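What follows is one structure encoded as structure tokens, with my remarks underneath.
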Amino acid sequence: LFFADKAVLIEGTTERLLLPRMIKMLDASMADGKKLGSQYLSVIEIGGAYAHIFFDLLEFLEIRTLVITDIDAVKSNGASSYVKCQVRHGERTSNACLKAWFKADITTAELLAATDEAKIDVKCRLAFQQPEVAGGPCGRSFEDAFMLANAALFPFAGPGDAERETQAWEAAGNVKKSDFALHYALAEEAWAIPRYISEGLAWLAEDGTPPAEGTAAGAVGATP
């Protein structure tokens with residue numbers, strides 16, 4: 001972080017394995033001065049929804065940072081606790097990072113309605129699941145968000161948005177995260193980046209700093 005141009009904080013293995021591929025895909029449509037692959041980008045795997053622990057450090061370092069996390073929708077089980085559920089059934093989030101960012105026990109509906117401005121604080125931006133189209137089905141985690149963003153690869157029968165959201169949520173629960181990530185990082189080439197990540201990376205690419213003369217480009221990697 002101390003030597004990086006920019007940083008991305010991610011939750012786990014799936015995002016870490018797929019992020020270089022997503023950056024390469026996005027860079028194909030970016031001007032040379034804004035390509036993330038030509039900047040020193042520090043990618044840090046947090047191991048859960050704990051990016052808020054880094055907020056003070058990131059503010060001190062003044063590094064432009066994208067935090068990619070999950071919406072983690074939960075609903076009451078009627079017994080004084082909350083259980084995970086599809087986003088459309090969610091009453092609140094269990095994500096500690098989102099709660100710290102918004103400084104409240106924020107509801108799922110409020111998260112879905114949050115503006116871009118609400119997700120940005122000076123040089124830091126949040127990215128969490130959003131419907132691919134307004135009012136459409138929304139993923140709870142990266143895997144079901146990826147499936148909903150790639151209807152050609154995952155043609156859920158539906159028939160409606162609610163059913164497709166449930167089908168994606170159930171399908172995501174049956175995949176092994178590392179195998180899923182490796183397949184789409186290495187074997188499958190034609191797929192779309194989920195909207196919440198695409199928009200976040202596009203923001204991160206702004207105010208791009210070209211590498212200094214004589215330095216190596218494309219320094220994208222995971223920091224232990």
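Overview of results
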read-out	value
Hits among aspartates and glutamates - C-alpha to C-alpha of K84 under 18 Å, sequence gap 8 or more where chains match	E11, D70, D72, D105, E110, E143, D144, E163, E165, E170
With DNA, RNA and ligands ignored, accessible area of C85 (1.4 Å probe; Å², nearest 10)	0
Karplus (6.51, -1.76, 1.60) ³J(HN,Hα), θ = phi - 60°, over segment 71-87, in Hz, Gly and Pro reported as x	6, 6, 5, 9, 9, 5, 9, x, 10, 6, 9, 10, 10, 5, 7, 4, 4
Cα gyration tensor, segment 135-203 - rounded (a/c under 1.5), prolate or oblate	oblate
Shape of segment 80-126, Cα gyration tensor, a/c cut at 1.5	prolate
For the chain: rounded, prolate or oblate by the Cα gyration tensor [a/c cutoff 1.5]	oblate
Relative packing of 31-41, 5-15, 90-100, 112-122, which averages over residues the other C-beta atoms within 10 Å, highest first	5-15, 90-100, 31-41, 112-122
Over segment 78-220, relative contact order from alpha-carbon pairs under 8 Å, at least 6 apart, %	21
Within a Gaussian network of the chain (alpha carbon springs, distance under 10 Å), most fluctuating of L57, L126, L18	L57
Percent antiparallel among DSSP beta bridges (both partners in the chain, rounded to 5)	30
The chain: calculated mean residue ellipticity at 222 nm from DSSP helix runs of at least 4, using -39500 (n - 2.57)	-9000 deg cm²/dmol
Surface accessible to a 1.4 Å probe, per residue, for the residues of the chain, Å²	49
Burial order of peptide ranges 70-82, 152-164 (average beta-carbon count within 10 Å, highest first)	70-82, 152-164
Net charge contributed by nearby residues that have their C-beta within less than 11 Å of D70 (K/R +1, D/E -1)	-3
Accessible surface ranking that places the most exposed of H89, H52 first, with a 1.4 angstrom probe	H89, H52
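The values are calculated or read from the model by the stated rules, or taken from the named source; none is laboratory data. No experiment lies behind these values; they were computed from the predicted model shown. Please note: Cβ atoms are built from the backbone with ideal geometry, for glycine as well, and neighbour counts cover all protein chains shown. With ligands, DNA and RNA removed, areas are computed over all heavy atoms of the protein, side chains included. Shrake-Rupley method; radii C 1.70, N 1.55, O 1.52, S 1.80 Å.
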